[in-house]
Amino acid sequence: MSQESEHGKWTVSSSDDESAAEQTKSEIPSTSLLQQTGQEKGPRYPCSEARKAAHKRKASPLEHSDGSFPQEVAPAQKQKPSQEGLGWCLSSSDDEEDNLKERRGKGGAAAGVGQEESCAPKGILSNHKLPPSHERTEPSDRVQDAWDLLNGRNPFRFFLTKVKGIKAKYNSGALHIKDILSPLFGTLVSSAQFNYCIDVEWLVKQYPKEFRDKPLLIIHGEKRESKAALHEEAHPYKNVRLCQAKLDIAFGTHHTGRLSCLMECCSRGPPPLGKLPAAGREELKSPCVLTAHNVWPLDLFRKMMLLHYEEGLRVVIHTSNLIDDDWYQKTQGIWLSPLYPKLPLGAAESAGESRTNFKCDLISYLRSYNSPTLNEWVEIIKQHDLSETRVYLLGSTPGRYQGSEKEKWGHLRLRKLLKEHATQLPDQHSWPVIGQFSSIGSLGADQSKWLCSEFRDSLISLGNSTKTLTNHDVPVHLVYPSVDNVRQSLEGYPAGGSLPYSIQTAQKQLWLHSYFHKWSAETSGRSHAMPHIKTYMRSSPDFQKIAWFLVTSANLSKAAWGVFEKNGTQMMIRSYELGVLFLPSEFGLDAGYFQVKENMFSDEPVLSFPVPYDLPPEKYESKDRPWIWNIPYTKAPDTHGNMWVPK
């Protein structure tokens with residue numbers, strides 16, 4: 001099967017076995033750092049194959065020339081882009097800023113930015129000099145602006161990350177990681193960082209100098225070679241400790257004995273059954289356990305910071321990996337908690353709880369790791385007053401759950417919260433569900449298998465309605481970047497490295513593409529900053545109101561949200577995810593909905609919700625195709641004049 005577009009042809013294998021085998025190779029996270037070959041060096045952090053391909057294309061762009069097949073440009077031939085005006089990254093020393101610039105220079109043409117007026121390049125960029133409106137401003141002013149935002153101007157405490165190459169006004173209400181870690185937000189005592197892709201050297205440099213020797217706990221999910229590499233990278237920093245999360249269920253297994261064969265299974269097909277413990281043999285009689293379950297999560301982790309200050313505690317839930325690229329030219333989301341004060345000595349264990357039960361839920365989530373190291377943070381949280389929290393915590397943890405346990409995690413957790421705390425609305429059957437994400441799992445042969453059955457049933461719950469909505473009642477709109485969205489982005493084609501939808505998955509669910517809508521974010525000035533943020537909401541038919549809003553690490557996959565097993569009596573979840581749910585009732589709105597803010601950074605009524613992309617979403621046209629990372633795009637150049645060949 002093949003599909004033609006102006007960007008090239010999708011060539012789709014007719015062999016399920018062939019495509020499944022390729023899927024396990026292309027979608028699994030990297031288990032070792034790329035080795036240096038010649039002048040080209042891979043990222044020093046473990047990451048997906050899609051991100052590795054993007055790194056390669058940044059280092060060795062494929063130039064477009066008169067419609068001929070692109071030629072790879074050797075690193076020595078590449079022209080270093082102008083660095084004038086690269087400004088918002090709040091470096092605390094000139095040396096570090098130079099290091100950052102040098103690393104950006106190694107990225108070749110992809111370090112360039114868009115036009116001043118619209119951000120959207122109207123042609124191929126011929127130079128990479130930032131326009132005057134993007135020149136550097138003083139770091140202290142920018143952090144102070146953010147501090148002001150935290151004290152009354154943003155009641156939702158929902159922010160986007162700063163983006164290089166857009167109008168300054170669209171960064172005025174945004175945060176960089178250095179803003180979050182600034183001493184203006186608190187005098188740091190210790191911190192914990194939960195994440196998937198982690199560049200330890202880069203992360204340490206984001207802390208102010210005075211905090212760089214403070215205890216830092218990094219919670220990760222790496223194994224084998226990548227775990228060893230992470231430990232090696234962290235070794236020079238004596239204040240850094242590593243904590244490995246147990247992710248056995250995320251790889252389709254209950255049995256730790258089977259993990260020893262996992263990499264062999266992925267790279268060379270199934271291991272001999274005789275080498276496995278008896279308990280693991282039955283599930284591995286299929287060609288590959290990963291293929292049988294159609295999953296290897298690309299982003300296994302929620303992304304959270306716990307910041308313990310002399311003045312109190314702060315919780316940060318966000319969507320960015322702890323790497324430079326994720327804080328540069330992508331659209332990312334952040335929820336920043338209030339500064340939680342310490343409780344008086346002798347306070348009851350139940351003290352400091354919010355109306356949303358946030359404290360108890362956060363502690364329960366941390367305990368799900370079964371880690372003595374994280375128990376230290378549980379005790380810190382217990383000592384603080386989290387009563388000012390106005391959002392609900394929504395998480396997933398790997399496991400198989402039955403009975404009431406099913407409602408603790410995943411989409412059933414969302415269903416329970418919406419039933420208990422959301423408000424029924426007139427004609428709510430016509431209010432569409434909107435999902436926006438950066439990666440897509442295998443969802444089944446048609447929409448009835450999961451998307452428009454158990455998953456949508458959870459997202460359409462509003463109050464304790466006894467009416468059962470039929471499958472065709474509630475529209476579903478899915479926002480995912482098209483090929484043209486990626487091609488015309490600030491980063492060009494390499495932006496697709498963080499959108500790891502593969503051809504092997506896409507070819508099995510072409511039905512899904514009829515639900516797709518383009519990425520457009522004029523409201524936040526980020527139409528050309530590709531989304532790594534993940535959001536879900538329930539909108540009114542005219543898209544002027546929303547009944548609820550969720551920002552989360554969970555992409556559109558069964559692994560992240562959970563899937564029913566055993567005729568619906570059991571819920572199986574494969575990955576750690578975390579998000580926060582905004583409900584109107586917690587912000588004093590009795591109508592059951594938020595008004596949508598027309599412009600995310602305008603001075604509209606303070607309780608209008610700042611949805612970070614444009615509503616209504618624009619449906620794919622007949623020529624549009626979803627971005628698929630592991631096929632070439634050679635018919636049209638990106639904003640830097642380059643092509644995309646992933647291998």
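The values are calculated or read from the model by the stated rules, or taken from the named source; none is laboratory data. Here the structure is a predicted model, which is why all the values come from computation and not from measurement. Positions of Cβ are generated from backbone atoms using ideal geometry, with glycine treated the same way; all protein chains shown enter the neighbour counts. We work out accessible area using only protein heavy atoms, side chains counted, and drop any ligands, DNA or RNA first. Shrake-Rupley method; radii C 1.70, N 1.55, O 1.52, S 1.80 Å.
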Quiz item: Here is a list of conditions, (1) polar (S, T, N, Q); (2) touching a residue at least 12 places away in the same chain (Cβ under 8 Å); (3) more than 15 Å from Phe158 (Cβ to Cβ), and Ser622 meets all of them except one; can you say which number that is?
Solution: (2)
Quiz prompt | Wholly enclosed helices (runs of 4 or more DSSP H) of segment 283-390 bearing at least 2 residues surrounded by fewer than 22 Cβ atoms within 10 Å (Cβ to Cβ), modelled with pLDDT under 95 and polar (S, T, N, Q) | solution = 372-382
Practice problem: Restrict the check to segment 585-595 and report whether at least one residue is crowded, with 20+ Cβ neighbours inside 10 Å, touching a helix residue (DSSP H, G or I) at 6+ places or on another chain (Cβ under 9 Å) and of a type in the set (A, V, I, L, M). | Solution: no
Practice problem: Check every one of the helices (runs of 4 or more DSSP H) wholly within segment 98-211 and list those with 3 or more residues that are at pLDDT 65 or above and under 30 Å from Trp548 (Cα atoms). | Solution: 177-180
Practice problem: For segment 562-578, indicate whether the set of residues that are aliphatic (A, V, I, L, M), part of a loop (DSSP other than H, G, I, E, B) and in contact (Cβ under 8 Å) with a residue 12 or more places away in the chain is non-empty. | Solution: no
Practice problem: Report yes if Ile166 is β-branched (Val, Ile, Thr), within 29 Å of Gly525 (Cβ to Cβ) and touching a residue at least 24 places away in the same chain (Cβ under 8 Å), otherwise no. | Solution: yes
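Can you say whether Leu394 is assigned to a strand (DSSP E or B) and either surrounded by 20 or more Cβ atoms within 10 Å (Cβ to Cβ) or touching a Ser or Thr at 6+ places or on another chain (Cβ under 8 Å) (or both), as far as the supplied structure shows?
Values: assigned to a strand (DSSP E or B): yes; either surrounded by 20 or more Cβ atoms within 10 Å (Cβ to Cβ) or touching a Ser or Thr at 6+ places or on another chain (Cβ under 8 Å) (or both): yes.
Criteria met by Leu394.
Among Gly562, Gly579, which is at positive phi and buried (at least 19 other Cβ atoms within 10 Å of the Cβ)?
Working: Gly579 fails: at positive phi.
Going through Gly562, Gly579 in turn, just one is at positive phi and buried (at least 19 other Cβ atoms within 10 Å of the Cβ): Gly562.
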Quiz item: Mind checking which residues of segment 581-605 are in contact with a Pro (Cβ under 6 Å, 6 or more places away or on another chain), outside any strand (DSSP E or B) and of a type in the set (A, V, I, L, M, F, W, C)?
Solution: Met600
Quiz item: On the given criteria, is Gln504 modelled with pLDDT of 95 or more and surrounded by fewer than 23 Cβ atoms within 10 Å (Cβ to Cβ)?
Solution: no
Quiz item: All but one of (1) open to solvent by 20 Å² or more (accessible area, probe 1.4 Å); (2) touching a residue at least 12 places away in the same chain (Cβ under 8 Å); (3) within 23 Å of Ser396 (Cα to Cα) hold for Thr634; which doesn't?
Solution: (3)
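Just to be sure I understand, how many residues within segment 517-545 are farther than 13 Å from Val486 by Cα and either more than 20 Å from the chain's Cα centre (by Cα) or not aromatic (Phe, Trp, Tyr) (or both)?
Result for segment 517-545: 18.
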Quiz item: Looking at segment 353-409, which of the residues that are in contact with a strand residue (DSSP E or B) (Cβ under 6 Å, 6 or more places away or on another chain) and without any contact (Cβ under 8 Å) to a residue 40 or more places away in the chain is farthest from Leu339 (Cα to Cα)?
Solution: Asp361
Quiz prompt | Test for Pro610: is it surrounded by 13 or more Cβ atoms within 10 Å (Cβ to Cβ) and in contact with a His (Cβ under 9 Å, 6 or more places away or on another chain) | solution = no
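Among the residues of segment 421-455, write down those that are assigned to a helix (DSSP H, G or I), in contact (Cβ under 8 Å) with a residue 24 or more places away in the chain and open to solvent by 30 Å² or more (accessible area, probe 1.4 Å). Walk me through how you get there before you give the answer.
Pass one, segment 421-455, residues assigned to a helix (DSSP H, G or I): 421, 428-430, 447-449, 451-455.
Filter once more, keeping what is in contact (Cβ under 8 Å) with a residue 24 or more places away in the chain: 421, 428-430, 447, 451-452, 454-455.
Hits for segment 421-455 are His421, His429, Ser430, Gln447.
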Self-check item: Answer residue from segment 40-58, given it is buried (at least 23 other Cβ atoms within 10 Å of the Cβ) and part of a loop (DSSP other than H, G, I, E, B) and is modelled with the highest pLDDT among those
Solution: Cys47
Quiz item: Of the residues Leu512, Leu550, Leu490, which is outside any loop (DSSP other than H, G, I, E, B), touching a Gly at 6+ places or on another chain (Cβ under 7 Å) and either open to solvent by less than 30 Å² (accessible area, probe 1.4 Å) or of a type outside the set (Asp, Glu) (or both)?
Solution: Leu550
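Of Leu512, Leu499, which residue is touching a Leu at 6+ places or on another chain (Cβ under 7 Å) and under 18 Å from Ile440 (Cα atoms)?
Leu512
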